[in-house]
1. Quick check: is even one residue across the range 281-292 of a type outside the set (Ser, Thr, Tyr) and closer than 18 Å to Ile223 by Cα?
2. Can you pull out the residues in the range 21-35 that are modelled with pLDDT under 90, of a type outside the set (A, V, I, L, M) and either loosely packed, with under 12 Cβ neighbours inside 10 Å or on the phi > 0 side of the Ramachandran plot (or both)?
3. Answer yes or no as to whether Ser199 is within 19 Å of Lys3 (Cβ to Cβ), small (Gly, Ala, Ser), buried (at least 17 other Cβ atoms within 10 Å of the Cβ) and in contact (Cβ under 8 Å) with a residue 24 or more places away in the chain.
4. State the number of residues belonging to the range 124-176 that are hydrophobic (A, V, I, L, M, F, W, C) and at positive phi.
5. Just one of Glu100, Glu86 is of a type in the set (Asp, Glu) and in contact with a helix residue (DSSP H, G or I) (Cβ under 8 Å, 6 or more places away or on another chain); which is it?
6. Any residue that is within 22 Å of Lys279 (Cβ to Cβ), touching a residue at least 24 places away in the same chain (Cβ under 8 Å) and in contact with a strand residue (DSSP E or B) (Cβ under 9 Å, 6 or more places away or on another chain) - is there at least one of those in the range 211-223?
Amino acid sequence: MIKLGDYCEDDAKDLITSLRKARVKCDTRINFVIDHFKVDCIEGRLSELREVLKDTQKIEQVIAILKSVLAQRPNPDDFKELFLKEYNPLRENEKSQIAEILNKVSGNFQALDDDDKNKINQIFLKASDEEQSYYEARSILHRNKIEIGEEIAGRLEDPIIRITRDLKELGIARDHPLAKQTVIISAQKRMDVFIDEFSTILALQGNFNHDFFNKFPAECSKISVLGSLLSDLSARPSSGKLSMNEFADRCAKEFDTNGNLMIADFQEYAADLARIIEKNGIVKVKGDSIKWKS
């Protein structure tokens, strides 16, 4: 089998369903990948950030809401809902609007008219902003060592703020005292999807449906090219036999569609392809020679 790619679990499940409908044999293997990326930040007291940021209005809004919510000495489990409700008093009403709009089309978003789609998109954008502001609020609590429910006194009058920003856009050099960096290292669950090479020939018989093409265009191309190549390689040459080098030359093929080229290069995989064709009873591989059966 050859690896088609690695995917998140949901995409892998959708892909496997489509592959089986297309009669392509497949298998999976779960693994975890350690990811690593860096994010530029600035960190300092609010008074310091005012000197480098053009606008701190949103940050100050988050701090004001934090003060208001924390003054209620809330239970930690209630904090998020209280924060979001104060950040956007129309939040519950907007949830009801979405439910009413979707109810008109039995939940089918694509059946909505443009006006309703725009309304829902705007509400989703606001919801995304609300979540971002909530996580910024949590960051402020963390950086200032404030526990939800405790007395905060004056610790939010000029708090430490850490926010993600593009240093170049701000015109700040990396050696600026407020310039910081966050390095995130995380483990992500991935599913390797493998396909049986010879079964890709079956996919050429029109077993790909429209949804498969739309959702997995690259995978469709890979499978179609591999299937076409194996179909050609299985065809008996006039001499009835080839050397491995001659066979390897045939493992590179150019597909021309109205001047648009797709180049398949499987030369490094040639010996494996020869064994796959042999396994399916088409050829006999002996040393450096490949002989087609009568």
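1. No - not one qualifying residue is present in the range 281-292.
2. Quick first cut of the range 21-35, residues modelled with pLDDT under 90 only: 21-23, 33, 35.
Keeping just the survivors that are of a type outside the set (A, V, I, L, M) gives 21, 23, 35.
Once the filter is applied, which keeps residues that are modelled with pLDDT under 90, of a type outside the set (A, V, I, L, M) and either loosely packed, with under 12 Cβ neighbours inside 10 Å or on the phi > 0 side of the Ramachandran plot (or both), the range 21-35 yields Arg23, Asp35.
3. Values: within 19 Å of Lys3 (Cβ to Cβ): yes; small (Gly, Ala, Ser): yes; buried (at least 17 other Cβ atoms within 10 Å of the Cβ): yes; in contact (Cβ under 8 Å) with a residue 24 or more places away in the chain: yes.
Yes: the conditions hold for Ser199.
4. Kept after step one, since they are hydrophobic (A, V, I, L, M, F, W, C), are these residues of the range 124-176: 124-125, 127, 137, 140-141, 146, 148, 152-153, 156, 160-161, 163, 167, 170, 172-173.
If we keep only those that are at positive phi as well, we get 153.
Final tally of qualifying residues: 1.
5. On the way: Glu100 fails: in contact with a helix residue (DSSP H, G or I) (Cβ under 8 Å, 6 or more places away or on another chain).
Criteria check complete, one pass: Glu86.
6. Just the residues of the range 211-223 that are within 22 Å of Lys279 (Cβ to Cβ), to begin with: 222-223.
Next, from what is left, pick out any that are touching a residue at least 24 places away in the same chain (Cβ under 8 Å): 222-223.
Narrowing the set further to residues that are in contact with a strand residue (DSSP E or B) (Cβ under 9 Å, 6 or more places away or on another chain) leaves 222-223.
Checking the range 211-223: at least one residue is within 22 Å of Lys279 (Cβ to Cβ), touching a residue at least 24 places away in the same chain (Cβ under 8 Å) and in contact with a strand residue (DSSP E or B) (Cβ under 9 Å, 6 or more places away or on another chain).
The values are calculated or read from the model by the stated rules, or taken from the named source; none is laboratory data. Keep in mind that what you see is a predicted model, and the values were worked out from it rather than measured. Using ideal geometry, Cβ is built from the backbone for each residue, glycine included, and neighbour counts are taken over all protein chains shown.
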